[in-house]
Amino acid sequence: AARLVSSVCVGFASYHYLKSQALCTKQQRSNGNDWELVHAQVFFRHGARAPFGDAPDAPAIWSSDLKADLSTVPAISLINLANNEALDDSVLKDSAEGNLPLLGGGLSPGALTQQGLQQTEDLGTVLRRQYVDSGFIKGNFDREEVLLRTSCTHRTTQSLRGLLKGLFPDDSGAKEPFPVSVGLGGLGTKHMDWLNFSTSCCPRLKEIYKGGLLELAMQQDPPTRALLERLQQASGSAMPEDALVYGPLAWFDSASCRIGSGLALPPWLDSGSINALASASADQVERLFRGVGTAQPDEMLRLSQGRTLQECLGRLTAAILQDSGSPGPVSPKLVIYSCHDWTILPLWLMLAPPDAKMPWADYAAELRVELLRRGRSEYAVRVAWGAGISHSGRMVQS
């Protein structure tokens with residue numbers, strides 16, 4: 001019988017660690033002493049996007065000229081996760097809450113920018129080196145080998161198209177679109193778009209989310225409070241409109257949108273402030289998902305991304321059954337999920353060692369979950385983190 005050595009992780013680090021662990025060659029596999037990759041899942045955050053509200057200091061900065069040019073990336077066709085029926089692009093939204101009014105410069109809120117599209121293509125190239133050049137999957141897309149998933153937003157589907165260009169460059173001009181599975185929003189168990197954090201699907205999640213934000217605003221540590229007060233004084237009326245609700249998250253989101261899209265920062269934000277905001281934002285998100293206010297420990301993790309973890313574990317189980325020759329559903333070798341920071345950060349919290357410090361999920365950050373086998377029936381799971389776009393706006397690669 002197959003034996004799962006570790007249900008959580010064998011190694012946890014950046015993909016620098018993964019790349020230092022070369023996949024076994026056929027000769028090495030024959031001696032049964034090395035771990036062989038048999039299944040992989042990659043959850044990645046979309047590329048750089050526009051904010052969801054205008055920048056008070058520069059209301060026209062988000063011009064429609066910044067919009068991602070999709071003419072050079074492969075086409076996709078959407079498939080309903082619930083019933084495998086074809087879906088029209090009209091189901092896609094700007095955010096989990098629906099479509100929003102255009103920004104002052106003409107760009108849609110949350111829209112993927114051209115720089116963001118390039119970032120996901122760069123990530124696709126990284127994944128090609130890891131999974132194609134090693135011989136794990138073929139160099140051309142095969143739906144029997146690769147399953148594609150996305151949340152129901154414009155920026156995640158477009159980011160996936162960018163990644164596919166980097167991962168399968170020879171298929172960029174393919175006549176047949178890549179099939180992509182997407183879940184639709186709903187209430188309770190009818191909500192299938194669990195790759196996108198949404199409080200509208202669950203009254204209890206909405207309650208503990210709002211209460212958690214209020215609790216965190218009252219519990220800010222002195223350095224974070226001092227930083228926010230300094231930024232508020234320096235910016236005057238130009239601070240982000242939701243800064244009083246989201247605190248460091250609002251400031252950092254506003255800054256990272258500009259950095260990721262190649263736009264200038266306002267004068268009151270320097271590199272030191274941005275790094276401090278990134279750290280404070282990661283701490284805020286971790287505390288929020290761990291449970292503050294009326295939330296039970298990890299209740300928000302379960303309600304927001306429990307079904308994402310369930311999907312991930314279900315695919316790992318299917319892969320073990322298939323690899324060991326046991327009856328079960330057909331399992332692809334590689335599953336790619338195009339999602340959000342508030343998808344992969346909760347997953348990070350559920351999969352990482354308890355004492356690990358949570359990083360921030362920059363644009364094109366990735367969380368990999370890989371199933372390894374040693375010998376005929378010994379299995380292990382390895383979890384790894386790829387940093388994505390640094391605060392300087394450059395892709396972090398090894």
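A simple packing score, the average count of other Cβ atoms within 10 Å per residue, orders the peptides 267-276, 345-354 as 345-354, 267-276, with the highest score first. Calculated [222 nm] ellipticity per residue, helices only, for the chain: -11500 deg cm²/dmol; basis is -39500 (n - 2.57) per DSSP H run with n ≥ 4, divided by all residues, nearest 500.
Simple spin-label model, 7 Å along Cα-to-Cβ: Asp355 to Asp171 in nm? Between Asp355 and Asp171, the simple spin-label model gives 4.3 nm.
Sorting Met300, Met218 on solvent-accessible area from highest to lowest, probe radius 1.4 Å, gives Met218, Met300. Solvent exposure of Lys93, expressed as accessible area, is near 80 Å², computed with a probe of 1.4 Å over the protein chains only.
Here the extension length gained between Val91 and Cys202 equals 37.9 nm, from 0.36 nm per residue of separation less the Cα-Cα distance.
The trypsin sites (Lys or Arg not before Pro) of segment 142-172 that DSSP puts in a loop, and whose beta carbon has at most 16 other beta carbons within 10 Å, are Arg143.
According to the square roots a ≥ b ≥ c of the eigenvalues of the Cα gyration tensor, what is the shape class of segment 265-317, taking rounded for a/c under 1.5, prolate for a/b larger than b/c otherwise, and oblate for the remainder? It comes out oblate by the Cα gyration axes.
Of the residues Gly135, Gly104, Gly247, the one that moves most in a GNM of the chain with alpha-carbon contacts below 10 Å is Gly135. Placing +1 on the Cβ of every Lys and Arg and -1 on the Cβ of every Asp and Glu, with nothing else charged, gives the chain a dipole about its Cα centre of roughly 1000 debye. Counting only protein heavy atoms and using a 1.4 Å probe, the accessible area of Leu263 comes to about 40 Å². When both segment 274-336 and segment 37-54 are represented by their alpha-carbon centers, they are found 14 Å apart. How much length, in nm to one decimal, is gained on full extension between Leu265 and Leu70, taken as 0.36 nm per residue of separation minus their Cα-Cα distance? Computed gain between Leu265 and Leu70 is 67.6 nm.
Globularity index of the chain is 0.98 (Cα radius of gyration / 2.2 N^0.38 Å, N = number of residues).
Within the shell of other residues whose beta carbon sits under 14 angstrom from the beta carbon of Ala243, the net charge comes to -4, with Lys and Arg scored +1 and Asp and Glu -1. Note on the chain: with a GNM built from Cα contacts shorter than 10 Å, the maximum mean-square fluctuation among Ala68, Ala40, Ala234 falls on Ala234.
Given axes a ≥ b ≥ c from the Cα gyration tensor, I'd like to know whether segment 81-183 is rounded (a/c under 1.5), prolate (a/b larger than b/c) or oblate. Oblate, since a/c reaches 1.5 and b/c is not below a/b. If you run the Gaussian network model on the chain, springs between alpha carbon atoms under 10 Å, then out of Glu370, Glu145, Glu176 the most flexible one is Glu176. Amide H to amide H, with H built 1.01 Å from N, Thr153 comes under 5 Å of Lys93, counting only residues 5 or more places away or on other chains.
With a simple spin-label model that places each label point 7 Å from the Cα along the Cα-to-Cβ direction, the separation between Glu145 and Leu184 comes to 3.3 nm.
Ser63 to Leu313: extension gain in nm, 0.36 nm per residue of separation minus the Cα-Cα distance?
This chain segment gains 85.8 nm when fully extended.
The values are calculated or read from the model by the stated rules, or taken from the named source; none is laboratory data. Predicted model, so just to flag it, every value in this text is computed and none were measured. Ideal geometry is used to build each Cβ from the backbone, glycine not excepted, and the neighbour counts take in all protein chains shown. The protein model used for the area step is the full one, side chains on, heavy atoms only, and it has no ligands, DNA or RNA in it. Shrake-Rupley method; radii C 1.70, N 1.55, O 1.52, S 1.80 Å.
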